[in-house]
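First comes the structure, then the notes that go with it.
None of the figures in this text is laboratory data; all of them are computed from the coordinates on show. Model, not experiment: these values are computed from the prediction. Using ideal geometry, Cβ is built from the backbone for each residue, glycine included, and neighbour counts are taken over all protein chains shown.
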Amino acid sequence: MRTTVGIIGAGPAGLLLARLLHRKGIDCVVLEGRTRAYVEHRQRAGMLEQGTVDALRECGAAERLDAEGLIHHGIELRFDRERHHIDFPVLTGGRTVTIYAQTEIVKDLVALLLAEGPPLLFEAPALAVEKPESDSPLVRFVHEGREQTLSCDYVVGCDGSHGIARDAFPAEVGRTYTHDYPYSWLGILADVPPSCDELVYARGPGGFALHSMRSSSVSRLYLQVPNGTDPRDWPDERVWDELGARFAIDGDWRLERGPITAKSVTPVRSRVQEPMRHGRLFLAGDAAHIVPPTGAKGLNLAVSDVRVLARGFAELYRTGSGQLLDRYSQLCLGRVWQATRFSYDMTRMLHAQPDEDAFEYRLQLARLRRITASRPAAAELAANYTGLPLAL
Ligand code: RFL
Ligand code: PHB
């Protein structure tokens with residue numbers, strides 16, 4: 001098989017890149033290791049920056065997002081049994097965010113690709129990227145029980161945090177920066193209407209909790225738990241009791257309970273790979289960088305990476321200039337490190353350290369009070385949360 005751009009991975013990064021390239025008349029093929037059902041049901045992100053919504057709209061993939069996405073004008077911070085609204089439009093000159101599940105974005109893009117192209121192969125795991133320094137890099141993959149080769153002008157690894165594309169970067173090329181936080185998130189989906197109109201980020205007794213949603217009848221909630229937690233140690237009743245305690249405020253508010261339909265634990269970590277390009281191999285999305293979910297940046301970064309790549313490929317094949325592609329890594333990493341810093345600050349401000357002393361807790365409260373009392377401090381949070389501009 002031969003194509004212009006070989007894409008590994010059908011998560012949001014790979015699917016959106018394929019859609020953008022297809023619309024620009026650039027050939028590509030997407031190889032996905034898992035089944036269609038698996039990628040369409042993997043529970044993950046929910047918060048989309050305006051730039052992400054715009055990108056999906058521009059490529060004709062936002063019909064359902066426009067009909068079903070929930071526009072949010074802010075978030076709530078909870079601590080010390082108080083609630084505080086952070087008003088995004090007021091603080092940012094009109095910006096909002098949209099709640100629309102990653103599973104739905106994936107479903108929308110998969111349906112478009114299968115109907116209109118480019119080729120998207122499920123159950124086609126890539127084994128290795130070879131010859132990234134040459135003019136025709138290869139992807140070795142398995143499909144229908146046979147090992148096959150995809151030869152390409154360029155390869156893009158959109159294969160997530162456990163992918164194989166990164167392995168084709170020689171050890172002496174670049175560096176990976178990592179930070180493991182000393183806690184994980186237990187996430188649940190529940191068939192119960194959200195108990196709040198907006199997302200609630202809480203620093204409660206015992207640690208962090210987040211209230212998010214998927215629709216007017218489905219809630220998505222998260223709890224900080226110790227690393228190594230087994231979800232089986234958290235029966236439903238225990239999850240609801242702990243959530244209730246962490247969200248508790250003085251005043252009239254109640255966390256509604258309902259049947260829990262999914263429960264999983266994810267470690268909280270940061271990783272950045274520099275550079276994001278080696279020869280004719282590019283990395284995009286979680287394959288290149290992971291951020292803690294507290295800043296809701298992972299999916300949004302994946303989308304901004306592939307927007308830059310799609311423009312770079314369009315410039316190359318239209319004008320012959322590889323200038324934008326040459327600046328890919330530098331352009332993306334500026335934004336990636338801002339998101340890494342913001343996610344780190346949000347995480348540290350809202351989670352309990354395992355060995356926390358009373359002094360550290362007081363500092364957290366002081367940070368939270370500064371944000372809720374000072375307009376410039378709140379505006380800084382709002383600017384980062386709603387998304388920094390994409391510098392091209
Ligand atoms: P994905 O989604 O992991 O997709 C990678 C795809 O590559 C496939 N793959 C392979 N295919 C072929 N051959 C191989 N050898 C392969 N190896 C892997 C995989 O099967 C998969 O289909 O990466 P992508 O596209 O870069 O997208 C990144 C996002 O998924 C991720 O950043 C977000 O989910 C992070 N995230 C959030 N981001 C936000 O912007 N807003 C949020 O509100 C938000 N909440 C979250 C999150 C992530 C979470 N978890 C579970 C880590 C909440 C949580 C709990
Ligand atoms: C989610 O809805 O899954 C979500 C929202 C905001 C976050 C993390 C996850 O910061």
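Quick rundown of the values:
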quantity	calculated
Spacing of the two label points (7 Å from each Cα toward its C-beta) at HIS84 and GLN338, in nm	2.3 nm
For peptides 183-194, 121-132, 372-383, sequence by mean Cβ density within 10 Å, most packed first	183-194, 121-132, 372-383
Neighbourhood charge, 14 Å Cβ-Cβ cut-off, centred on GLN102 and excluding it, Lys, Arg +1 and Asp, Glu -1	+1
Cut-off 13 Å between beta-carbons: net charge of the residues surrounding PRO259, Lys and Arg +1, Asp and Glu -1	-2
Nitroxide proxy distance, nm - points 7 Å out along Cα→Cβ at ARG36 and ASP241	4.4 nm
Geometric extent, Cα atoms of segment 176-267 - Rg, Dmax (angstrom)	13.3, 47
Signed unit charges on C-beta, dipole axis of segment 235-392, positive-most listed residue LEU299, ILE249, HIS278	HIS278
Summed side-chain charge close to ALA379 - residues other than ALA379 whose Cβ falls under 14 Å, Lys, Arg +1, Asp, Glu -1	+1
Protection proxy ranking, peptides 44-56, 241-253, 315-327, 333-345, average beta carbon neighbours within 10 Å, highest first	44-56, 333-345, 241-253, 315-327
Integer Hz, Karplus 6.51/-1.76/1.60 couplings in order for segment 88-98, x for Gly and Pro	5, x, 5, 7, 10, x, x, 7, 9, 10, 10
Convex hull volume per residue for segment 242-392, taking Cα atoms only, in Å³	177 Å³
Label-point separation in nm, THR266 to SER151, each point 7 Å along Cα→Cβ	3.9 nm
Under 5 Å, built H, 5+ apart or other chain: amide partners of PHE282	VAL155, VAL156, GLY157
Karplus (6.51, -1.76, 1.60) ³J(HN,Hα), θ = phi - 60°, over segment 63-69, in Hz, Gly and Pro reported as x	4, 6, 4, 5, 7, 10, x
Extension reserve of the ALA128-ASP357 stretch, reckoned as 0.36 nm per residue once the Cα distance is removed	77.7 nm
Trypsin sites (Lys or Arg not before Pro) restricted to DSSP loop in segment 48-133 with at most 14 other C-beta within 10 Å	ARG81
Gap separating the Cα centres of segment 129-182 and segment 231-246, nearest whole Å	40 Å
For segment 336-348, Karplus couplings with θ = phi - 60° (6.51, -1.76, 1.60), whole Hz, Gly/Pro x	4, 5, 5, 5, 5, 5, 4, 5, 4, 4, 4, 5, 5
Dipole magnitude (debye, nearest 20) for the chain, charges at Cβ of Lys, Arg, Asp, Glu	560 debye
Rounded D (µm²/s) - the chain, Kirkwood Rh over Cα pairs, Stokes-Einstein at 4 °C, 1.567 mPa s	59 µm²/s
Only Lys, Arg (+1) and Asp, Glu (-1) charged, at Cβ; segment 13-91 dipole about Cα centre in debye	340 debye
